[in-house]
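Colleague: The structure that follows is given in the form of structure tokens.
What follows draws every value from the coordinates through simple rules; no lab data is involved. Just so we're clear, the structure is a prediction, and the values are computed from it rather than from any experiment. Positions of Cβ are generated from backbone atoms using ideal geometry, with glycine treated the same way; all protein chains shown enter the neighbour counts.
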Amino acid sequence: MMKAYRILFVCMGNICRSPAGEAVLRKLVEDEGLEDHIHIDSAGTIGFHSGSAPDHRMHSAAANRGIETGGQARQVNLQDFENFDRILAMDTDNLRDLLALAQTDPHRECIRLFCDYCEDHENRDVPDPYYGGALGFEVVLDLLEDGCRQLLDEAKHELGIV
């Protein structure tokens, strides 16, 4: 039996960017029938929104693209560094917070900035759309759809799936 590859998306509150990243990648994984091999979750660096559903504006924008968001916000914890093979920070502030929380070199090595996976966009950060208009949610989804394709390729490579 093949070990599952586990991916965690992290933003600040876990109600916009990271649950959308989880949903975008989950759809790609399901489209390829790999849900038994690639497990996906999301979390926030703060616990303020813990228990909340994804932001309704992100949910609507994603639904317009055939992507279903769900779940409840939670705060990242030390066990996540043991449980996930790849932890993705949505921006450099989240990256800094995750690196400060990580306690070992192997934990730090599993953390990446999400936009490092983007090929069609040059952004360094996935911008937080919370205080902006509808266009901000579309920009986030564009970045996530771009980077998640390469992220899926990396996961398949790690698993030996061609």
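Colleague: Which whole-angstrom value gives the distance between the alpha carbon centres of region 5-73 and region 95-152?
Modeller: Distance between centres, Cα-based: 12 Å.
Colleague: Now, a different point. Considering only Val76, Val126, Val139, give the residue with the highest GNM mean-square fluctuation for the chain, with springs between Cα atoms whenever their separation is below 10 Å.
Modeller: Result for the chain, Cα springs under 10 Å: Val139 fluctuates most.
Colleague: Which of the listed residues, Met12, Leu25, Gly136, is farthest toward the dipole's positive end in the chain, when Lys, Arg count +1 and Asp, Glu count -1 at the beta-carbon?
Modeller: Result: Met12.
Colleague: Let me ask something else. What's the long-distance tail for the chain, i.e. % of Cα pairs beyond 20 Å? It would help to have the intermediate numbers written out before the result.
Modeller: Values: 5912 of 13041 pairs.
Percent of Cα pairs beyond 20 Å in the chain: 45.
Colleague: State to the nearest 20 debye the size of the charge dipole of region 44-86 about its Cα centre, where the only charges are +1 on K and R beta carbons and -1 on D and E beta carbons.
Modeller: Numbers: 4 positive and 5 negative charges, 41 e Å.
So the dipole magnitude of region 44-86 works out to roughly 200 debye.
Colleague: Now a separate question. So which residue, out of Asn64, Asn83, Asn123, gets the largest mean-square fluctuation from a GNM of the chain using Cα contacts under 10 Å as springs?
Modeller: Asn64
Colleague: Place a +1 charge on the Cβ of each Lys and Arg in the chain and a -1 charge on the Cβ of each Asp and Glu, then give the dipole magnitude about the Cα centre in debye, rounded to the nearest 20. Write down the numbers at each step before the final one.
Modeller: Values: 15 positive and 30 negative charges, 84 e Å.
For the chain, the charge dipole is close to 400 debye.
Colleague: If each residue's Cβ is checked for other Cβ atoms within 10 Å, how do Thr104, Thr45 rank with the fewest at the top? Walk me through the numbers on the way to the answer.
Modeller: On the way: Thr104 9, Thr45 22.
Exposure proxy ranking, most exposed first: Thr104, Thr45.
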